[in-house]
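This report concerns only the one structure given below.
What follows draws every value from the coordinates through simple rules; no lab data is involved. All figures in this text were calculated on a predicted structure; none of them were measured in a lab. A quick note on method: Cβ atoms are made from the backbone with ideal geometry, for glycine too, and the neighbour counts reach across all protein chains shown.
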Amino acid sequence: MITASALTYAYGLRDPVVSEVSLVARPGRVLGLLGPNGSGKTTVLRMLHGSLRPDRGTVHVGEEPLARLSAREVARRLAVVVQEAGGESVLTVREMVLLGRLPRLGTFGRAGVHDHAVADEALARVGAEHLRSRGFGELSGGERQRVLVARALAQESAFLLLDEPTNHLDIRFQHDVLGLVRSVATSAVVVLHDLNLAARYCDDLVLLDGGRVVAAGTPEEVLEPALLESVYGIGVRRTSVDQQVQLLFRPLHDPQGATT
């Protein structure tokens with residue numbers, strides 16, 4: 001379990017971009033971080049995996065404070081997928097995924113037969129095994145994203161933290177990647193913009209606005225049209241498809257300013 005308590009962070013001397021954010025990522029569940037651009041989603045995620053240290057507040061991984069864990073131990077427990085271009089990399093896809101094994105390697109840091117098998121299995125799970133001999137820098141944005149998810153899976157960590165993992169992916173692979181995240185026997189925290197993907201694949205949601213939590217709970221509890229309209233400034237209609245929340249959107253006003 002990852003527990004964050006009253007996280008607050010400001011870049012430089014500016015006002016805090018995140019204020020008093022608390023959340024819990026529970027075992028075997030997918031927690032989605034939602035909110036409009038600038039709401040603090042990525043900043044919160046970065047504090048959860050330790051690339052940013054909060055000005056106030058704490059993060060615990062299990063019973064231990066994240067701040068007391070070594071970088072190697074953090075990497076053993078948390079696998080992170082961030083948005084990165086990677087176009088300059090000279091590594092092959094398989095070599096890139098093998099980087100996920102580094103926290104598991106011994107003193108000499110050499111990947112063995114088992115490590116290569118884990119990397120190949122991770123590539124297969126994201127549908128990218130056919131890319132393993134390609135140069136990572138040659139891949140499309142969607143292909144790179146799948147490889148980065150494979151690298152995280154190869155870490156065999158208890159927690160997955162992903163910043164917009166569906167970015168650059170076509171519709172099929174958006175569902176494939178999030179379905180995979182949901183199926184692995186870990187806790188996961190996922191930053192998402194697509195509210196319908198969040199409704200389908202997340203067990204719990206935290207909705208941020210202006211750096212603060214405005215709602216937390218299940219998709220049924222959080223994805224309320226009136227709340228979403230106030231946060232996103234767009235009309236929302238809620239329906240159900242296959243017994244799951246489905247949202248439809250419309251402008252609140254037409255171009256002439258009349259209410260629709």
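Before moving on, here are some points about what is shown:
- Set ALA158, ALA198: member being touching a helix residue (DSSP H, G or I) at 6+ places or on another chain (Cβ under 7 Å), of a type in the set (Gly, Ala, Ser) and within 26 Å of HIS114 (Cβ to Cβ): ALA158
- Checked against (1) in contact (Cβ under 8 Å) with a residue 60 or more places away in the chain; (2) more than 17 Å from LEU161 (Cα to Cα); (3) touching a helix residue (DSSP H, G or I) at 6+ places or on another chain (Cβ under 9 Å), PRO16 passes all but condition (3).
- Which listed residue, of SER133, SER187, SER157, is over 14 Å from the mean Cα position of the chain (by Cα), touching a residue at least 60 places away in the same chain (Cβ under 8 Å) and within 30 Å of LEU102 (Cβ to Cβ): SER157
- Among the residues of segment 98-142, those identified as under 19 Å from ASN167 (Cβ atoms) and buried (at least 20 other Cβ atoms within 10 Å of the Cβ) are VAL126, ALA128, LEU131, PHE136, LEU139.
- Selection from segment 68-84 of residues that are exposed (fewer than 15 other Cβ atoms within 10 Å of the Cβ) and over 12 Å from ARG101 (Cα atoms): ARG68, SER70, ALA71, GLU73, GLU84
- Cβ-Cβ distances below 7 Å connect the following pairs, each with a first residue in segment 191-214 that is within 18 Å of ILE234 (Cα to Cα) and touching a residue at least 60 places away in the same chain (Cβ under 8 Å), a second residue that is basic (Lys, Arg) and buried (at least 23 other Cβ atoms within 10 Å of the Cβ), and a separation of six or more residues or different chains: LEU208/LYS41.
- Criterion (under 20 Å from VAL177 (Cα atoms) and not charged (D, E, K, R)) met by exactly one of ALA150, ALA111, ALA117, ALA71: ALA150
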